[in-house]
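Accompanying notes for the structure given below.
Computed from the coordinates by the stated procedures, all read-outs in this text should not be read as laboratory data. Keep in mind that what you see is a predicted model, and the values were worked out from it rather than measured. Positions of Cβ are backbone-derived with ideal geometry, glycine not excepted, and every protein chain shown enters the neighbour counts.
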Amino acid sequence: MPNFRNTPLRVVEFSAEECPKAPSSGPPLFTFAQFHAFRNQILSILFRYGTAGPNGTLRINESINLSTEVWSHDGNTKPDFYVVSDIWNRWSRWIRVEADSMHVKPPLLEEIALTLSTFPGWCVYLALIRGGLTVFEDRVLLEGPLFVGCERLDHIYQQCSSALDT
């Protein structure tokens, strides 16, 4: 996928300043349909890099009241990318994806960030055994021993391709 960004993604250590804490009360920040529309978009990206599941995309009806939560058959029971389908709460606008780091290949992070530009305030957390990546539309936050010393996206991809997650 070509890079349509005017500026490269910033790569920084995870911190409270870079990843503001979500509220824990008050009016919900998103609906059931918004969450699953976002999750479906992330799945469509992940399918290009491996298998994803265990649940596939959710067919979202026009009305939540009419939704029967019909999952498509595009999920995989032992996926490369395990995409959580539960809504953590109605204030935390993120999706957790668990994977082996070897599946994080160029330009996965850029594609996720580009998609996030149409979902303001949302992020994707990639739990990668020896580290984690929180992807926003303009930055990637690093944590864990796998990413020590990484300062650019190419460093992240290099670490992921050479890591042995055992």
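At a glance:
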read-out: Fewest-first sequence of 21, 105 by Cβ atoms within 10 Å of each Cβ; value: 21, 105
read-out: Segment residue 44-residue 29, extension gain: residue separation times 0.36 nm, minus the distance between their alpha carbons; value: 3.1 nm
read-out: Computed lengthening from residue 162 to residue 84, 0.36 nm per intervening residue step minus Cα-Cα distance; value: 25.5 nm
read-out: Using alpha carbons only: equivalent-ellipsoid semi-axes of the chain, gyration tensor based, whole Å; value: 26, 19, 15
read-out: Contour excess over end-to-end distance, with Cα ends at residue 152 and residue 91 and 0.36 nm allotted per residue; value: 19.0 nm
read-out: Calculated FRET value between residue 77 and residue 12, using beta carbons and R₀ = 25 Å, to 0.05; value: 0.10
read-out: Share antiparallel - DSSP beta bridges, the chain, percent rounded to 5; value: 55 percent
read-out: Estimated [θ] at 222 nm from DSSP helical runs (n ≥ 4, -39500 (n - 2.57)) normalised by residues in the chain, nearest 500; value: -6500 deg cm²/dmol
read-out: Neighbourhood net charge (11 Å Cβ-Cβ; Lys/Arg +1, Asp/Glu -1) for residue 124; value: +1
read-out: Residue 94 long-range amide H proximity, modeled H, under 5 Å; value: 123
read-out: Degrees separating the helix 32-46 axis from the principal Cα axis of the chain, which is the longest one; value: 40 degrees
read-out: Under-5 Å amide H pairs with residue 137, H placed in peptide plane, nonlocal only; value: none
read-out: The chain: relative contact order as a whole-number percent, Cα under 8 Å and 6+ apart; value: 25 percent
